[in-house]
1. Considering each of Gly45, Gly58, Gly101 in turn, give the residue that is closer than 23 Å to Ser33 by Cα and either at pLDDT 90 or above or of a type in the set (D, E, K, R) (or both).
2. Considering Ala92, Ala64, which residue is assigned to a helix (DSSP H, G or I), over 24 Å from Leu186 (Cβ atoms) and within 15 Å of the chain's Cα centre (by Cα)?
3. How many of the residues making up segment 140-163 are in a helix (DSSP H, G or I), touching a Phe, Trp or Tyr at 6+ places or on another chain (Cβ under 9 Å) and not polar (S, T, N, Q)?
4. For segment 123-139, which residues satisfy the criterion of being crowded, with 18+ Cβ neighbours inside 10 Å and either assigned to a helix (DSSP H, G or I) or aliphatic (A, V, I, L, M) (or both)?
5. Of Gly77, Gly88, Gly123, which residue is at pLDDT 90 or above and touching a His at 6+ places or on another chain (Cβ under 8 Å)?
6. Which residues, counting only those in segment 38-53, are exposed (fewer than 13 other Cβ atoms within 10 Å of the Cβ) and not in a helix (DSSP H, G or I)?
7. Name the residue, out of Thr35, Thr21, Thr73, that is in contact with a Leu (Cβ under 9 Å, 6 or more places away or on another chain), polar (S, T, N, Q) and either surrounded by 18 or more Cβ atoms within 10 Å (Cβ to Cβ) or outside any loop (DSSP other than H, G, I, E, B) (or both).
8. Pro120 - would you say it is in contact with a helix residue (DSSP H, G or I) (Cβ under 9 Å, 6 or more places away or on another chain), surrounded by 15 or more Cβ atoms within 10 Å (Cβ to Cβ) and touching a residue at least 60 places away in the same chain (Cβ under 8 Å)?
Amino acid sequence: MPWWGVVSSVLAPVFLIGGWTVAAALQPVPFDSVTRSISALASQGMPFRWLITSALLGVGACHAVTGLALRPTGEAGRIMLIFGGLSGMLIAAFPQHVHSGSPVHEIFSVTGVVLMMLWPVAGMRADPGAPAALRPQAAWAYGLLTLGLLLWFTTQLFGGDVLGLSERAITADQSLWPLVVVLSILIAQRRPVAVTQQTAALRSR
């Protein structure tokens, strides 16, 4: 696991959660993050929209870089994570309009959330030595959790009063899972070293 992939996996949730928190706090008129979406912060005409736009671009770039680094993951999963990151960057590049949505923004939003939900299942490994987060049980558990959050978010799109909360829940979930996978790989890589050291210590006695 290259070091730059570890760094990108750590930075993605930092950019996302830090970006929406700071952008909302800087608004001259109080911004209700429970009811209003992240995209509203980046919509045309909003103060400090550059901040959340930069954060979303950073998150997408980090996911793409992490996908390049995740060599222990199945190839299909890596590709989906990379394109999920690119979709996130395009979401930021095509913001919502002031008083309406943007078809391009919505297309990339749907594409991104689906790719980010499915990549762990596409990249899972069934071999006994696979890192814990890449095993089928973990991949499917994450997929089902994310599907549940996606259904919750979908219901909030039709006049729900916690739209912002549901959107933040699913985006945080999808941003944190690559980090969980990376940490799982690092732990699995250290395990053979620890076993070798223990064996050497026993033989030296």
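The values are calculated or read from the model by the stated rules, or taken from the named source; none is laboratory data. The model shown is predicted, which means the values in this text are computed figures rather than measured ones. For neighbour counting, all protein chains shown are included, and Cβ atoms are generated from backbone atoms with ideal geometry for every residue, glycine included.
1. On the way: Gly45 fails: either at pLDDT 90 or above or of a type in the set (D, E, K, R) (or both); Gly101 fails: either at pLDDT 90 or above or of a type in the set (D, E, K, R) (or both).
Answer to the selection: Gly58.
2. Numbers: Ala64 fails: over 24 Å from Leu186 (Cβ atoms).
So the residue among Ala92, Ala64 that is assigned to a helix (DSSP H, G or I), over 24 Å from Leu186 (Cβ atoms) and within 15 Å of the chain's Cα centre (by Cα) is Ala92.
3. Just the residues of segment 140-163 that are in a helix (DSSP H, G or I), to begin with: 140-156, 163.
Right, trim to touching a Phe, Trp or Tyr at 6+ places or on another chain (Cβ under 9 Å) and you get 142, 146, 163.
Keeping just the survivors that are not polar (S, T, N, Q) gives 142, 163.
Residues flagged as in a helix (DSSP H, G or I), touching a Phe, Trp or Tyr at 6+ places or on another chain (Cβ under 9 Å) and not polar (S, T, N, Q) within segment 140-163 amount to 2.
4. Kept after step one, since they are crowded, with 18+ Cβ neighbours inside 10 Å, are these residues of segment 123-139: 123-124, 130-131, 133-134, 138-139.
Across segment 123-139, the qualifying residues are Met124, Ala130, Ala133, Leu134, Ala138, Ala139.
5. Values: Gly77 fails: touching a His at 6+ places or on another chain (Cβ under 8 Å); Gly123 fails: touching a His at 6+ places or on another chain (Cβ under 8 Å).
Going through Gly77, Gly88, Gly123 in turn, just one is at pLDDT 90 or above and touching a His at 6+ places or on another chain (Cβ under 8 Å): Gly88.
6. Taking segment 38-53 and keeping what is exposed (fewer than 13 other Cβ atoms within 10 Å of the Cβ), we get 44-45, 50.
Within segment 38-53, Gln44, Gly45 meet the criteria.
7. Values: Thr35 fails: either surrounded by 18 or more Cβ atoms within 10 Å (Cβ to Cβ) or outside any loop (DSSP other than H, G, I, E, B) (or both); Thr21 fails: in contact with a Leu (Cβ under 9 Å, 6 or more places away or on another chain).
None of the others qualify; the one that does is Thr73.
8. Numbers: in contact with a helix residue (DSSP H, G or I) (Cβ under 9 Å, 6 or more places away or on another chain): yes; surrounded by 15 or more Cβ atoms within 10 Å (Cβ to Cβ): yes; touching a residue at least 60 places away in the same chain (Cβ under 8 Å): yes.
Yes.
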